[in-house]
Structure formats: C-alpha cells, structure tokens
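Trainee: Below is the structure I would like to discuss, written out as structure tokens.
The values are calculated or read from the model by the stated rules, or taken from the named source; none is laboratory data. All figures in this text were calculated on a predicted structure; none of them were measured in a lab. In this analysis, Cβ positions are derived from the backbone assuming ideal geometry, glycine residues included, and neighbour counts consider all displayed protein chains. Note: areas computed on protein heavy atoms with side chains; ligands, DNA, RNA excluded. Shrake-Rupley method; radii C 1.70, N 1.55, O 1.52, S 1.80 Å.
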Amino acid sequence: MTSVLPVMRGRSWKFGANVDTDQIIPAKYAIYSLDEKKLGEHAMEGVPGNEDGWAQQVSPGDILVAGSNFGCGSSREIAPVAIRGAGIACVIADSFARIFFRNAINMGYPILQSPQAAEAIHSGDELEVDLEAGIIRNFTQGDEYQADRFPPFMTELLIHGGLVPWVRKRLQERTFA
C-alpha cells in the first residue's frame, strides 16, 4: 500500500444510542439511491429534532459522533452513503450495528469505534481524526482518545475507496501479471 489514510478535521455532531437506518435516511428518500448528494440533503431527518434540515448545517469534513448500536435496523446500504453525501467525513460511535459497519467499510467510508470518545465528545467540539493511528483528538476539550484500529485488509479497502474498487484493482493486476 503506497497511500496512507487521511487525517480529518471537523466539527462534531452528537447523536445518541440506537440510531437506526430508517432515522439515518427515511425510506421515502430511497428513490434518490443513485444520487449521493440528494440522499445527503435528507440524512438524519428521521432522528427526532432533525426533521428540518440537519444536513444543511453540516460543513464538509464534519464528524458525526454517536452512542451504541449506530446504524441498527434494516440493511439499508444507502445509510452510510447519505451520511457521506451530507459532507460528514467519518463516523465515531460507541459501537456499530454489524450490517452498517460492513456496508460502510464496503463503500470505503471510515467509521471508528471508541466508547471513550463517543461518551466524552459534545456537539460542536473541534476534532481531528488520524485514521491510520486510530487517534481522535478533541481540540475543544484538550483530550485524546484511542479508537479500534482497522486490520490491514480493511485499511486497504478504505485506501482504495471500498470493496468494488479494490476488486477491480486486483483483477487488473492479475490481468497484467
């Protein structure tokens, strides 16, 4: 691997536990499944209190922070797509539902599990996330948290932009070997 994962910096948006995929992107917006930006305009609208344009307040590069079991519910592959489409650079949570975790990694979208960070970070905190090291720095509070680091194969998927680009690259290498 020649590339390294990026270091991201942005403002945090805090959500609670058990945010499900229907809250992340309500079913009525699934018609936009091929338009990431359009999905992003409606991200998190199903979370009570966010019905009126949460995504329009997000700046590109901001970071979503959540409690446990983030992304539970139905296997809606467009849930991480909608969050990314809103401009959120990565998601940090206490824990993720397995299907959301897999969908995010398969599309090359970085998510980090850190119970300590998920509990301590507040909305509006200025964060820096070093994906390679698994370190989350909270400049607002002057704290640093460790996240679970990705194993080498998942890191490679993130670097290549997800499972499909990774497979394409492997097939191309095989063709020219």
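Trainee: Suppose the filter is within 20 Å of Leu157 (Cβ to Cβ), surrounded by fewer than 16 Cβ atoms within 10 Å (Cβ to Cβ), among the hydrophobic types (A, V, I, L, M, F, W, C) and in contact (Cβ under 8 Å) with a residue 12 or more places away in the chain; does Val81 pass it?
Mentor: no
Trainee: Just to check your reading of the model, which residue among Ile88, Ile105 is out of contact with any His (no Cβ under 6 Å at 6 or more places or on another chain), within 18 Å of Lys14 (Cβ to Cβ) and open to solvent by less than 30 Å² (accessible area, probe 1.4 Å)?
Mentor: From the options Ile88, Ile105, the qualifying one is Ile88.
Trainee: Filter the stretch 48-59 down to residues that are assigned to a loop (DSSP other than H, G, I, E, B) and at pLDDT below 95 and give me whichever is most open to solvent (accessible area, probe 1.4 Å).
Mentor: Among residues in the stretch 48-59 that are assigned to a loop (DSSP other than H, G, I, E, B) and at pLDDT below 95, the one most open to solvent (accessible area, probe 1.4 Å) is Asp52.
Trainee: Please count how many residues of the stretch 23-36 are surrounded by fewer than 18 Cβ atoms within 10 Å (Cβ to Cβ) and either in contact (Cβ under 8 Å) with a residue 60 or more places away in the chain or closer than 25 Å to Asp125 by Cα (or both).
Mentor: 0
Trainee: Residues to consider are Asp94, Asp20; find the one that is surrounded by fewer than 20 Cβ atoms within 10 Å (Cβ to Cβ), in contact with a Cys (Cβ under 9 Å, 6 or more places away or on another chain) and of a type in the set (Asp, Glu).
Mentor: Asp20
Trainee: To continue, here is another question. Can you tell me which residue is surrounded by the most Cβ atoms within 10 Å (Cβ to Cβ) among those in the stretch 117-165 that are more than 15 Å from Val91 (Cβ to Cβ), at pLDDT 90 or above and in contact with a helix residue (DSSP H, G or I) (Cβ under 8 Å, 6 or more places away or on another chain)?
Mentor: Asn138
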